[in-house]
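> I have a structure I would like to understand better, so I am pasting it below and will then ask my questions one at a time.
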Amino acid sequence: MVFQDPFSSLNPRMSVSDLIKESFDIHKVYKKEKDRDERVSEIMEVVGLSPRLVNSYPHELDGGRRQRVGIARAIALNPKCIVLDEPVSALDVSVQAQILNLLDRLQDEFKLTYLFIAHDLSVVKHVSDRIAVMYVGKMVELTDYKTIFKEPLHPYSRALISAIPTPNLKKKEERIILEGDVPSPINPGPGCRFYPRCRDRIDPVCKETEPEMREVKPGHFVACHRE
Ligand code: SF4
């Protein structure tokens, strides 16, 4: 797992070396310290951390390097899948690009599957093969990354995509402004969670019945009574 804020997710009392080797020690991966320390050096190189930082502490690193330590910890035990929870949202834009490129390279190199959680749609578009749109804790649409941007079917997905700024002055697309309240995730009520804000709602079915996720086209799933 890679967390959103690398500053609060790394133990401030542990050095870079300690942070990376912690998982080796917990899982008793190496019998000899020398082998373990060599592997720490290898992983630091893979994620682009200079060997001189091996004894540094999180507060001595900038945001990008801290997140590289978080990524190093995540790949240390050769996982098949990594959950990345908003891994670049706490970073400067220039550093975001570096971390995304690193994640891209590691995915190819180690044949990794990422579950990438994000709010920034430009980041989502850059990293994803398939995209699931969530609303108040429930998945409302799932399809491949091209289709979701070209042909979003759920009204919430359409509103999200309409909010992406376009650099083309001639191509003026309507921005969908959402009004209405967001229901409580603890007790969202019986109908569709998007009902109070949906311009396409159908009464009374949308208010009374929660829509099921259905495959409306091959590989394209939507939870909406309109589809
Ligand atoms: S189920 Fe109804 S309220 Fe919910 S998104 Fe679809 S049309 Fe809108």
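> Would you mind telling me which residue in Tyr195, Tyr57, Tyr30 has the biggest mean-square fluctuation in a Gaussian network model of the chain, where springs connect alpha carbons within a distance under 10 angstrom?
Tyr30
> Label-point separation (nm) for Met134 and Gln107, each offset 7 Å from Cα along Cα-to-Cβ?
Placing both labels 7 Å along Cα→Cβ, they lie 1.8 nm apart.
> Rounded to the nearest 500 deg cm²/dmol, what is the calculated helix-only ellipticity per residue at 222 nm for the chain, with -39500 (n - 2.57) per DSSP H run of length n ≥ 4?
-11000 deg cm²/dmol
> Let me ask you something else. I'd like the orientation of helix 93-110 relative to the chain: the angle between its Cα long axis and the longest Cα principal axis, in ° from 0 to 90, rounded to 10.
Helix 93-110 and the main axis of the chain meet at about 80 degrees.
> Straight-line reach from Lys138: which lysines fall under 28 Å, measuring Cα to Cα and dropping same-chain residues less than 8 apart?
Lys80, Lys125, Lys146, Lys150, Lys207, Lys217
> Quick one: the Cα spread of the range 13-66 along its three principal axes, in angstroms, biggest first?
Principal-axis extents of the Cα atoms in the range 13-66, largest first: 33, 22, 14 Å.
> Moving to a separate point now. Compute the helix-to-body angle for 16-26: its Cα long axis versus the longest principal axis of the chain, expressed 0 to 90° and rounded to tens.
Taking Cα atoms only, the helix is inclined about 80 degrees.
> Test of understanding: in a Gaussian network model of the chain with alpha carbons linked when under 10 Å, which of Asn187, Asn78, Asn101 would top the mean-square fluctuation ranking?
Comparing Asn187, Asn78, Asn101 in the GNM, the peak value goes to Asn187.
> Using Cα pairs under 8 angstrom and six or more residues apart, how large is the relative contact order of the range 1-131, in percent?
31 percent
> Roughly what angle does helix 63-75 make with the longest principal axis of the chain, taking Cα atoms, 0 to 90 degrees, to the nearest 10?
Roughly 90 degrees, rounded to the nearest 10.
> A further question follows. If Rh is defined by the Kirkwood formula over all Cα pairs and Rg also comes from Cα, what ratio Rg/Rh do you get for the range 6-127?
Radius of gyration relative to Kirkwood radius: 0.95.
> Across the range 49-59, in residue order, what do the Karplus-derived ³J(HN,Hα) couplings come to in whole Hz, using 6.51 cos²θ - 1.76 cosθ + 1.60 with θ = phi - 60° and x for Gly and Pro?
Ordered by residue, 3J(HN,Hα) equals 9, 5, x, 5, 8, 4, 9, 6, 10, x, 5 Hz.
> Another one. Would you work out which of Ala118, Val83, Ser41 lies farthest towards the positive end of the dipole of the range 6-127, given +1 charges on the beta-carbon of Lys and Arg and -1 on that of Asp and Glu, about the Cα centre?
Highest projection toward the positive end goes to Ser41.
> Of the residues Lys146, Lys34, Lys207, which exhibits the maximal mean-square fluctuation in a Gaussian network model of the chain defined by a 10 Å Cα contact cut-off?
Evaluated over the chain, the most mobile residue of the options is Lys34.
> Further question: In nm, to one decimal, how far is the His27 label point from the Phe149 one, both placed 7 Å along Cα→Cβ?
3.4 nm
> So what's the projected area for the chain, the Cα convex hull averaged over all directions, in nm²? Could the numbers behind the result be given before it?
Values: hull surface 62.4 nm².
So the mean shadow area of the Cα hull is 15.6 nm².
> Need the list of lysines near Lys31 for cross-linking: C-alpha distance under 19 angstrom, and skip anything on the same chain fewer than eight residues off.
Partners within reach: Lys21.
Rule-based calculations on the coordinates, nothing more; no lab input. All values reported here derive from a predicted model rather than from experimental measurement. As a convention, Cβ positions derive from the backbone with ideal geometry for all residues, glycine included, and neighbour counts pool all protein chains shown.
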